[in-house]
1. Could you pull out the residue among A:133, A:119, A:83, A:138 that is free of Cβ contacts under 8 Å to residues at least 24 places away in the same chain and touching a helix residue (DSSP H, G or I) at 6+ places or on another chain (Cβ under 7 Å)?
2. Sort out which residues of segment B:282-316 are within 30 Å of residue B:337 (Cα to Cα) and touching a residue at least 40 places away in the same chain (Cβ under 8 Å), and write them in order of number.
3. Before we move on, is residue B:210 within 30 Å of residue B:84 (Cβ to Cβ) and away from chain A (no Cβ under 14 Å)?
4. Mind listing whichever residues of segment B:73-123 are touching a His at 6+ places or on another chain (Cβ under 9 Å) and surrounded by fewer than 19 Cβ atoms within 10 Å (Cβ to Cβ)?
5. Would you be able to tell me the number of residues in segment B:198-224 that are farther than 19 Å from residue A:370 by Cβ, of a type in the set (Gly, Ala, Ser) and in a strand (DSSP E or B)?
6. I'd like the full set of residues that are under 22 Å from the mean Cα position of the chain (by Cα) and surrounded by 22 or more Cβ atoms within 10 Å (Cβ to Cβ), limited to segment A:184-203.
7. For segment B:347-364: of the residues being assigned to a helix (DSSP H, G or I) and more than 8 Å from chain A (Cβ to nearest Cβ), which is nearest to the chain's Cα centre (by Cα)?
8. Among the residues of segment B:7-30, is any part of a loop (DSSP other than H, G, I, E, B) and over 14 Å from the mean Cα position of the chain (by Cα)?
Amino acid sequence: MDLAFSDSDRAFRDEVRAFIRDNLPDDIRDKVENDLHLEKDDYVRWQRALAARGWLAPNWPVEFGGPGWTLTQRYIFQDELGAAPTPRIIPFGVSMVGPVIYTFGSDEQKRRYLPRILASEDFWCQGYSEPGAGSDLASLKTRAVRDGDHYVVNGGKTWTTMAHWADMMFCLVRTDPDVKPQEGISFLLIDMRSPGITIRPIVTIDGGAEINEVFFDDVRVPCTNLVGDEGKGWTYAKFLLGHERFGIAGVARSKRQLAGVKEIARAEAGDDGGPLIDDPAFRAKLAEVEIELTALEYTELRFLASEEAGRAPGPEASILKIRGTEIQQAITELVLEAVAYYANPFVPEALAAGWNEAPIGPPYAAAAAPIYFNWRKASIYGGSNEIQKNIIAKMVLGL
Amino acid sequence: MDFSLTTEQQLLKDSVERFVEEDYDFRTRREIAASDEGFRRENWARFAELGWLGAALPESCGGSGGGPVETMVIMEAFGRGLVTEPYLSSVVLGGGLVARHGSAAQREAVLPALVEGETMLAFAYAEPRSRYDLAHVATRAAREDGGYRLDGRKAVVFGAASADRIVVSARTAGGERDGAGITLFLVDATAPGLARRDYRTVDGLRASEVMLDGVRVAADAVLGEPDGALPVIEEAIDHGIAAVAAEAVGAMQVLNDTTNEYLKTRRQFGRPIGDFQVLKHRMVDMLTRYEEARSMCCMVTLKLGETPAERAKAASAAKVQIGRSGRFIGQQAVQLHGGIGITDELHVGHYFKRLTMIDTLFGNVDHHLRRFASLAC
């Protein structure tokens, strides 16, 4: 066993770090550091900077524009992105529909969509969940009926992150209602400007509106937008879920956030007048979360090493999702506790860049409650943690 | 051993619950919370008419002569409806302080008007750097011209914007964190030199930063003994803890009932999700935490009249329980509702937010663990 990365891996890490330092725009850095809202343009600018270096899609094969990295390099890259105040890469194009298209799509689809994903010219969203199909996604009902050269789509999707920004949606639709549910699902690419599409924002309990309902009313989609074969949509969706494992643990980002909590705790007064970080109870909580994060970090490294040694990656990724999200949520709890009663003021304006008024209480307090509330979603989305445990139980433990 | 309510208390409970059920549904609550003032004056007038404002205040001041149990009954029902009307700050904190420690003149001037819904109060004790240390008072009260001059800043004062009078803790002697040397003052909200920065809170209420810049008060504005206010403040906060414990229990019960119902009606994988043992057990855990919270709420309510040390221990124990139960029930109610639990549209998230903020009031779990330990060990 050897914890050291190779010389070339270390050099690679330095290269990535330098790139981020030199190419992350200051205004974006500032927003991420201060938990301010990011606009679509912020995400696009950063993604284009990465793409210019050929680094936007580290998981893609070289033939489609990937940089040809080893698994370790991909890990290092994600680690550095998380450790610096960079915006998350929007996963829908690069990590989700892109791999499905280059693996199962037609030549025309590859030619048409892949470069536009890399150039961040098409912004994608994911049409999966429905009001009646959450954990039981296979029971989805949005219907696509063949009519000449088109599918006619009717129904609705919910929890569609960033649909209001999207140019395209990859959508799971039911093309055959008469077979077993999983076998009647198809993977359809839908232009969000199509007539018949209505987008309704869903306000979340923190006051944000990143998610939406999307309604389809006789939306005509060209048949050439079907990916692969009819009835194979569920297979492609499962492929997609198993495909992107780097980043779900979010270790580097959590480390950065934990460092942020410590800074807050140094600035906050504790009950005894000294800094909160000297309060034994708070300090013990910090230590606990940091230890849990270390366990997650090394678990991810072991899985990585195992995969690099040729052992097929398995459903252990679910462990990373469960623990990763639990730790993220624990960190939001620490921030909430740190700011005490200054979590109460509701100042949504303070969470947008360019707000110039004096904060109510310390400047970092305004985001504490909204972020805590918003992050309750992490144990629900991407397959709830309960579902993740079912997957592990079945696939790893045979239960 | 008796945990039952008297006939009058049961009638009070029924009438507050009826108000919440008939006139304070979630949609109404949403409208009220979004309004300018954040509560309805008509409701406050109705509370006065129904005798709720004076329910725990002495008969000599126009109240009904009830006590902590009456407060508990009212606050629990309010918690069920996420009622925003500032009963806690005005009646429990402000009114309680004046009733227990006001001079005859102060009681006469404030309490009948409070009971009648004509005067509202607030209690300004916390400061920007004080955290949960009630003795940490930097706001100064200097003797001047036979009265006092107040200078300083108070943090997150609930109900300050609608208050006619504010009870303010300020230091008349000693160092910033000394237990001795703190005095309470009954200050007119319109006093020159008193400024506010008003804001909404994340759970739909109203609070303010209160700045005192050369606020002059007469000597008879002192509430209770000069320099000796700390035990009075602690007592008021412990009463506040008992009240929010009841409010939290009401909110927890709504979340549990809602979640329980959802588990029975939401179908996935061809069956109600409540069929899954993991969720059954989770719901049982929610029930258990709720029962414990209710028990601790009863306990602290019954112990408010004990010695200060016993009362403080009871309040700290209850606050720890409420914080833990509230967090668990709030988080799990959201989790078990899945995606819709995160939406603003559904009431679940709003109850979750209120329970979360209750933990930040009057000392969080860590603070009260420490206080309990220092009293108990």
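The values are calculated or read from the model by the stated rules, or taken from the named source; none is laboratory data. As the structure is a computational prediction, the values presented were derived from the model and not from experiment. Here the Cβ is made from the backbone with ideal geometry for all residues, glycine too, and neighbour counts use every protein chain on show.
1. Result of the check over A:133, A:119, A:83, A:138: A:133.
2. Here is the first cut: in segment B:282-316, the ones within 30 Å of residue B:337 (Cα to Cα) are B:282-298.
The answer is B:282, B:283, B:285, B:286, B:289, B:290, B:293, B:294, B:296, B:297, B:298.
3. Numbers: within 30 Å of residue B:84 (Cβ to Cβ): yes; away from chain A (no Cβ under 14 Å): no.
So residue B:210 fails the test.
4. Correct list: B:100 only.
5. First pass over segment B:198-224, keeping only residues farther than 19 Å from residue A:370 by Cβ: B:198, B:208-224.
Going one step further and asking which of them are of a type in the set (Gly, Ala, Ser), we end up with B:208, B:214, B:218-219, B:221, B:224.
Still in the running and in a strand (DSSP E or B): B:208, B:214, B:218.
Total satisfying the criteria: 3.
6. A:187, A:188, A:189, A:190
7. B:358
8. Yes: segment B:7-30 contains one or more residues that are part of a loop (DSSP other than H, G, I, E, B) and over 14 Å from the mean Cα position of the chain (by Cα).
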